[in-house]
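Take a look at the structure below.
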Amino acid sequence: MTQPVWRSLKSGYATRHGSLKHTFFLPCFTWCTRYRRAAGFFSSSALLTWAEGFRSNPSQDQLQLQLLISPELSSPDKAALERTLAEDQCREILTRSADHLIESVLAQSGSDVVRADYLLWLIASGHLELRFAIPVHLSNPGMFHQKIGIFDFDGEDKVGFDGSANESAGGHERNYESLQVFRSWVSADLERVQFVEEEFGQLWQGVDKDLLVEPLGPSVLAKIKERAPTANPFAPTPPAVVQPPLEDERWRHQTQAAEIFLAKRRGVLEMATGTGKTKTALRIANELFARGDIDSIIVTTDGTDLLTQWFEELAEWSSRRPHKLAVYRHFGAMHEGMRYLLASSGAALIVSRAQLARYLPQLTAAQSRRTLVIHDEVHGLGAPSLRGTLAGMHRQYGYVLGLSATPEREYDSEGTAFIASEIGSVIFQFPLEEAIRRGILVEFDYVPLEYELTEGDRIRLKAVYSKKAARQANGTPMSQEELWTELSKVYKTAEMKPSVFDNYLADHGSVLQGCILFVEEKSYGERILPMLHQAGVKYRTYYAEDDRDHLVMFGRGEIDCLVTCHKVSQGIDIRSLRTVVLFSSARAKLETIQRIGRCLRSDPNNPYKRALVVDFVLTENGEPREGSADRQRLEWLSELSEVRRTNAN
């Protein structure tokens, strides 16, 4: 029998070892049936973020939440609280501050409306009870700082915790925080679980004479019930409409692709970004489970963002199935691969491609024959570092599926051949052009900005060739790939591009709304930031060491543009994205297709969306250089931008 997710919780967590949100809170939020929490200060945004954590909980109708917090106090209220010891005045301050917090939630707009509606629905439907607390009868009162909580799960399991972490993005990830965790099924922890439970009960009931506890006032509660939706706004879509409606012929390629794979059992689906590769893969998995042909799924790809997106998709898909799968992760801070191996039947493993060789050989021949292996962004499988470690490991698996918008590795025939030997050949194609014609992807405008090499650029190019000559003389010659890589970096970081873009912005500042700017490296991105500041837009950077919250903020529309590098090219679904700016473009089409594909996705909130691709093209004497990568990309994207949606789907 598969062990419940919460049974793998550790006795302690700290932000220095990884995000508390992903390692502790989200698994508990997703699987608990009851949660009692006493925390510190909460702003309206923190309250929305906290509530949103429960959106994937499959027990929404039975979920019971109790939250005891301190509302944000205005400066006059803080001063008044310090001056008075009268309980009725303290109660008035607390009620006013609590009402103000809820009024802030009611006033949410834009992308936060759905999150606010979910919070209001939880309160109005009786799933969430809020109480507010401040210390009283003290000479120097302050904010309520108690931070304990207890989760209830199926089977009478309970998990209590205490520690410094507050319920906010900072407390979960950015601040230096830690938690001690007590599990009811661990005999040494049981007494501590009971203590936390009793302590919360005392706080909740307001037994402590030095703590004033108040529920929501009747007037603000009436406003909540008036505004709250009658149904859960995050309720899962019924299975019958998970896939595009049958009458919508635009999406018929998904059915065609699934049917071809089910007949062949191995192969690559080459489908343009935004045309439903993940949905097609899950359609295939659904059919194989329904036929009784598989017991298990292994999903593998590269990059934490894409792996996390797969986990969320699989967890949601599994929650709608009659027999839910246990979904395990082995990437980033999550190390659940061994748990999958111990009980692979009725389970799924999401594993980074770098770790895949540890797990593929571990299943028996019988288990492998009844397992579906999904390689997303399958072109990554052809990397030289993986050819030795994964060679021959897919042969015993019954079903092997590759997904990519660009499965062929340009300038790497060995890598392409390796993919074909492990996964199979391309068995279905649905290109960008066809997706635009059908209206699945939007039409776009293409703006090539011309630039020239500066004297500094030419000096850097000469330095590359000098390095090549020196390496040759030393008996360690540069490979052609090394030479191309170093030369291309000069072009990708050409000195004139920022000033050319600055001039373009003078008359086209609106392009920065809903915009991602792709740069080669962080230092080059730093040169772009003053322009964004001057333009008055809200922007953030997203590099390897940056907080992933910046990407989430961009997806919600809280910031206007994002400056990033290659890592955001794959697996990102931000439908409000309108513009991509290609300061850096690879010679191979693969990366460019992925990057422009980010902004070609249709937006249900903007049916008239038209995307924009801003590119940089090297010129000599006013003309694109013949045979250059920029010239080839210019011709290809210019032709692609002329494709129009046809009335006949």
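The numbered conditions (1) at pLDDT below 90; (2) crowded, with 18+ Cβ neighbours inside 10 Å are all true for VAL113 except (2). Would region 357-376 turn up any residue that is at negative phi, in contact with a helix residue (DSSP H, G or I) (Cβ under 6 Å, 6 or more places away or on another chain), among the hydrophobic types (A, V, I, L, M, F, W, C) and part of a helix (DSSP H, G or I)? Yes - at least one qualifying residue is present in region 357-376. Cβ-Cβ distances below 9 Å connect the following pairs, each with a first residue in region 31-52 that is among the basic types (Lys, Arg), a second residue that is at pLDDT below 80, and a separation of six or more residues or different chains: ARG37/GLU167.
Within region 383-416, the set of residues being in a helix (DSSP H, G or I), in contact (Cβ under 8 Å) with a residue 24 or more places away in the chain and over 30 Å from the mean Cα position of the chain (by Cα) comprises GLU414 only. Answer yes or no: is there a residue in region 480-500 that is among the charged types (D, E, K, R) and either assigned to a loop (DSSP other than H, G, I, E, B) or modelled with pLDDT of 95 or more (or both). Within region 480-500, one or more residues are among the charged types (D, E, K, R) and either assigned to a loop (DSSP other than H, G, I, E, B) or modelled with pLDDT of 95 or more (or both).
Each row is one residue, and each column tells you yes or no for (1) at pLDDT below 85; (2) polar (S, T, N, Q); (3) surrounded by fewer than 17 Cβ atoms within 10 Å (Cβ to Cβ).
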{"site": "MET1", "(1), (2), (3)": "yes, no, yes"}
{"site": "LEU26", "(1), (2), (3)": "yes, no, no"}
{"site": "CYS32", "(1), (2), (3)": "no, no, no"}
{"site": "SER74", "(1), (2), (3)": "yes, yes, yes"}
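Screening GLU482 with (1) more than 21 Å from ARG578 (Cβ to Cβ); (2) touching a helix residue (DSSP H, G or I) at 6+ places or on another chain (Cβ under 6 Å) gives one miss only, at (2). Among the numbered conditions (1) of a type in the set (D, E, K, R); (2) at pLDDT 80 or above; (3) not in a loop (DSSP other than H, G, I, E, B), the only one that ARG16 does not meet is (2). In region 510-551, what residues are surrounded by fewer than 14 Cβ atoms within 10 Å (Cβ to Cβ) and closer than 26 Å to ASN606 by Cβ? Across region 510-551, the qualifying residue is only GLY536. Within region 235-262, the set of residues being more than 17 Å from GLU434 (Cα to Cα) and either assigned to a helix (DSSP H, G or I) or at pLDDT 70 or above (or both) comprises PRO239, ALA240, VAL241, ALA258, GLU259, ILE260, PHE261, LEU262. Taking (1) of a type in the set (Gly, Ala, Ser); (2) under 21 Å from THR304 (Cα atoms); (3) touching a strand residue (DSSP E or B) at 6+ places or on another chain (Cβ under 7 Å) in turn, ALA357 satisfies each apart from (3).
No other residue among GLN89, GLN64 is at pLDDT 80 or above and surrounded by fewer than 19 Cβ atoms within 10 Å (Cβ to Cβ) apart from GLN64.
Within region 598-626, the set of residues being farther than 19 Å from VAL563 by Cβ and not in a loop (DSSP other than H, G, I, E, B) comprises ARG601, ASP603, ASN606, VAL617, LEU618, THR619, GLU620, GLU623, PRO624. Restricting attention to region 309-348, the residues being out of contact with any Pro (no Cβ under 9 Å at 6 or more places or on another chain), among the acidic types (Asp, Glu) and assigned to a helix (DSSP H, G or I) number 2.
Of the residues in region 523-535, none is under 16 Å from the mean Cα position of the chain (by Cα) and on the phi < 0 side of the Ramachandran plot.
Taken over region 421-435, the residue count meeting the criterion of being out of contact with any strand residue (DSSP E or B) (no Cβ under 8 Å at 6 or more places or on another chain) and either touching a residue at least 40 places away in the same chain (Cβ under 8 Å) or surrounded by 21 or more Cβ atoms within 10 Å (Cβ to Cβ) (or both) is 2. Against the definition (crowded, with 16+ Cβ neighbours inside 10 Å and outside the structural domain of GLY597 (by TED's automatic domain parsing)), how does HIS375 come out, yes or no? Considered against the rule, which asks whether it is crowded, with 16+ Cβ neighbours inside 10 Å and outside the structural domain of GLY597 (by TED's automatic domain parsing), HIS375 comes out as yes. Among the residues of region 184-234, those identified as closer than 30 Å to ALA315 by Cα, modelled with pLDDT under 90 and either of a type in the set (Ser, Thr, Tyr) or loosely packed, with under 12 Cβ neighbours inside 10 Å (or both) are THR230, ALA231. Residue count for region 623-649, restricted to those that are surrounded by fewer than 13 Cβ atoms within 10 Å (Cβ to Cβ) and either hydrophobic (A, V, I, L, M, F, W, C) or without any contact (Cβ under 8 Å) to a residue 60 or more places away in the chain (or both): 8. Contact annotation: residue pairs with Cβ atoms under 6 Å, 6 or more positions apart or on different chains, pairing a residue in region 304-318 that is among the aliphatic types (A, V, I, L, M) with a partner that is modelled with pLDDT under 90, are LEU306/GLN570; LEU306/GLY571.
The values are calculated or read from the model by the stated rules, or taken from the named source; none is laboratory data. Note that the coordinates shown come from a computational prediction; the quantities given were computed from them, not determined experimentally. Here Cβ is always computed from backbone atoms with ideal geometry, including for glycine, and neighbour counts include all displayed protein chains.
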